Amino acid sequence: MKRPQPAVLVPIILLAAVAAFFVVRGLAGPKVRAVEAVRGDLVQTVISTGRVITPARVEIGSVVLGTVRTVETKEGTVVKAGQVMARLRDEEQRAAVEQARATLAEAEARLTQLARLSAPASEQTLRQADANLGLADEEYKRTRNLYEKGFFSQAKLEQAERDLAVARAARENALLQATSNSPKGSDYALALARRDQARAGREAAQARLDHTVIRAPAPGTVLRRLVEPGDVVQQGKKLFELSVAGDTQVVLNVDEKNIGLLALGQRAAVMADAYPGRSFGAEIFYIAPGVDAQRGTVEVKLRVPEPPAFARPDMTVSAEIVAARREGTLTLDSEALRDAAGPAPWVMVVRAGRAQRQGVQLGIRGAGRTEVVAGLAAGEAVVPPSEAAVREGSRVRADVAPAAKKPVTRPPDLFR
């Protein structure tokens with residue numbers, strides 16, 4: 001038998017190899033893009049926008065009608081509690097204070113007169129009336145005795161009776177006057193009331209005078225100045241707006257779907273829109289008990305322990321709140337999940353060369369990756385939904401992209 005020549009065998013062998021390649025490839029299935037479940041650190045965050053606030057904002061106005069004489073602060077001025085911010089013209093108020101002081105002095109003089117002159121004089125008059133009444137009573141008794149013996153006439157007895165009645169009336173009048181002038185009497189009480197009334201009038205006049213000086217009620221920073229010298233101000237008119245000094249805070253309106261992720265004490269990174277790349281730390285200290293039904297948001301307040309110099313009231317900021325953290329956990333590209341928001345999430349995993357549907361239990365969600373609590377093992381390849389041609393049970397070859405093997409790790413040092 002004639003042996004085939006090498007020139008003939010080589011093409012045959014090449015054809016056989018190509019045929020075998022395609023047969024094996026067909027048996028192994030087509031190559032599809034896949035991502036790998038890998039272990040790494042993962043942080044779940046909630047991002048929301050808000051603004052910088054201070055504990056309180058005070059609107060300072062005038063409580064009296066007047067004309068502004070001077071304005072001693074401007075926008076941006078840092079003031080102390082009680083510091084003068086503006087002054088009104090006060091000539092009328094000063095005159096009222098002087099008049100009230102004179103009225104008080106008169107009332108106090110009247111009280112002194114009662115205590116040192118009227119009361120002692122009334123007491124002396126009462127003692128004299130008592131003495132006169134005693135004499136009149138003795139004279140009446142003597143006259144009646146002599147009248148009964150026939151020595152005095154009826155007219156003499158009647159005169160003695162009239163003298164006794166006059167003495168008694170004089171004594172009653174002296175008693176009433178002494179009682180009225182005593183510390184428990186009506187005249188003394190009236191004098192006390194007038195003195196107290198005059199004292200209250202003086203204090204009211206002094207208060208009106210004090211109100212002509214506009215002072216800072218608390219330490220803070222002047223945000224707005226709404227008055228100039230010469231302006232006529234009405235009662236209650238706003239003159240200044242003051243940001244009270246205190247802990248800097250950030251208020252956010254977080255979507256209500258994230259309520260379950262928030263808790264007091266959680267930390268956040270805050271960045272001002274005007275200063276990109278310059279983050280500062282904050283911490284949740286307040287979560288509103290109710291939801292804004294119209295906007296579907298929850299008010300959340302953050303405390304800023306070390307506010308930067310550029311943080312100003314009402315500045316717009318973005319906050320990234322750390323809701324959960326996992327270290328060395330199994331993670332998967334979030335795009336590879338199927339029905340992730342439903343009650344039974346699952347993935348299409350490649351096992352033994354075939355695509356297999358696998359239910360998974362998910363944990364926290366980070367930036368582009370999701371924690372897989374159960375259902376997958378580290379190193380397993382998962383076919384994303386974008387590979388629509390892959391069906392359960394079909395033969396496939398997983399082509400794991402190198403970039404997908406490295407999980408997204410967070411957080412920055414600010415969150416630690």
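The values are calculated or read from the model by the stated rules, or taken from the named source; none is laboratory data. The shown structure was predicted, so the numbers you read here are calculated from the model rather than taken from an experiment. Virtual Cβ from ideal backbone geometry, glycine too; neighbours counted across all protein chains shown.
Would you call T143 touching a helix residue (DSSP H, G or I) at 6+ places or on another chain (Cβ under 6 Å), of a type in the set (V, I, T) and either at pLDDT 85 or above or surrounded by 15 or more Cβ atoms within 10 Å (Cβ to Cβ) (or both)? When the stated conditions are applied, T143 passes them. Among the residues here, L111 qualifies as closer than 21 Å to A205 by Cβ and either touching a residue at least 40 places away in the same chain (Cβ under 8 Å) or outside the structural domain of V232 (by TED's automatic domain parsing) (or both). Pick out the one residue from R101, R94 that is modelled with pLDDT of 90 or more and touching a Leu at 6+ places or on another chain (Cβ under 7 Å). Checking each option against the conditions leaves just R94.
Kindly indicate the residue of segment 272-323 that is basic (K, R) and surrounded by 13 or more Cβ atoms within 10 Å (Cβ to Cβ) and also nearest to T221 (Cα to Cα) among those meeting that condition.
The initial filter retains those residues of segment 272-323 that are basic (K, R), namely 278, 295, 301, 303, 312.
Applying the additional criterion that residues be surrounded by 13 or more Cβ atoms within 10 Å (Cβ to Cβ) yields 301, 303, 312.
On the way: K301: 21, R303: 19, R312: 10 Å.
Per the criteria, the residue is R312.
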